[in-house]
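Below is one structure; the comments refer to it alone.
The values are calculated or read from the model by the stated rules, or taken from the named source; none is laboratory data. Please read these numbers as outputs of a predicted model, since none were measured by experiment. Glycine gets a Cβ as well: all are built from the backbone with ideal geometry, and neighbour counts include every protein chain shown. The protein model used for the area step is the full one, side chains on, heavy atoms only, and it has no ligands, DNA or RNA in it. Shrake-Rupley method; radii C 1.70, N 1.55, O 1.52, S 1.80 Å.
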Amino acid sequence: ILKEEYDKKTKKRRFNMITALHKERDEVNLHSRIISYLLCPYSGHGIGNVYLNIFVRDILQLNEVQFDLNNILIVPNEINKTEYKEIDILIANKRTSQAIIIENKIDAQDSNNLNNIEGYKGQLERYYSMITTGKDNFGRPCEDYKSKYVYVYYLTMKNQPPGNTSVGILKNKPSSWIH
C-alpha cells in the first residue's frame, strides 16, 4: 500500500537494491539482514534510529507508549548475523519488556505446525509464546528477549497474509501483516 501511494505521488519507478542484486526472493540471507541492518541504530549506516523510527511509528503505527525506541536490540545485527530461535527479525526493548516479531514471507506459506509441535497452531503463535513465556517450544528456558508486550507481524510482498496464516489464531494479541 505504501509503495503504491509513493509511486502515485512520484509517478516514477524507484531504485530497488534487492532487485538490482537479483535476489528478490531471498528472504533468509538477504531481506531479513538488510531490513535488520537498516533498522538497527548501531549499524554502520551511521544515521541512528531514523529508519527504525519511520518503521515503528509510521509503518507499524506504534506510539511511544506501545513501543519505546530507547535501548533496543535488533537480531540479526552486524555482530550476531543469525536469527534468534528462527525469528526472522526481532526488535526488543528489555527495559520496557516490549518486543516486535517480524516474519518474512516472500513465496512461502505459514509453517503451521509442520513439525507437529504440540500445542501450537502456527509459527507466529509459537514465536509469540516463546517471547512472552521465556521458554522455547520444547519447554527449555530462552529468556534472552522475554517480553510482556509483544507485537507480531508478517512482512509480505503483497497486501495480504501468506497462505495458511496463523495471524488469526493470535486472538486478543497484537498481530498483523505488513506489505
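Select from region 42-59 the residues that are in contact with a strand residue (DSSP E or B) (Cβ under 8 Å, 6 or more places away or on another chain) and either open to solvent by less than 30 Å² (accessible area, probe 1.4 Å) or over 16 Å from ILE89 (Cβ atoms) (or both) and list them in ascending order.
Within region 42-59, LEU52, VAL56 meet the criteria.
The lone criterion from (1) modelled with pLDDT of 95 or more; (2) in a helix (DSSP H, G or I); (3) within 27 Å of GLN123 (Cβ to Cβ) left unmet by LEU69 is number (2).
Pairs linking a residue in region 35-50 that is over 13 Å from ASN70 (Cα atoms) to a residue that is in a loop (DSSP other than H, G, I, E, B), with Cβ atoms under 6 Å and 6 or more positions apart or on different chains, are SER36/PRO76; TYR37/SER43; SER43/GLU78.
Somewhere in region 87-105, is a residue of a type in the set (Lys, Arg), modelled with pLDDT of 95 or more and open to solvent by 60 Å² or more (accessible area, probe 1.4 Å)? Yes.
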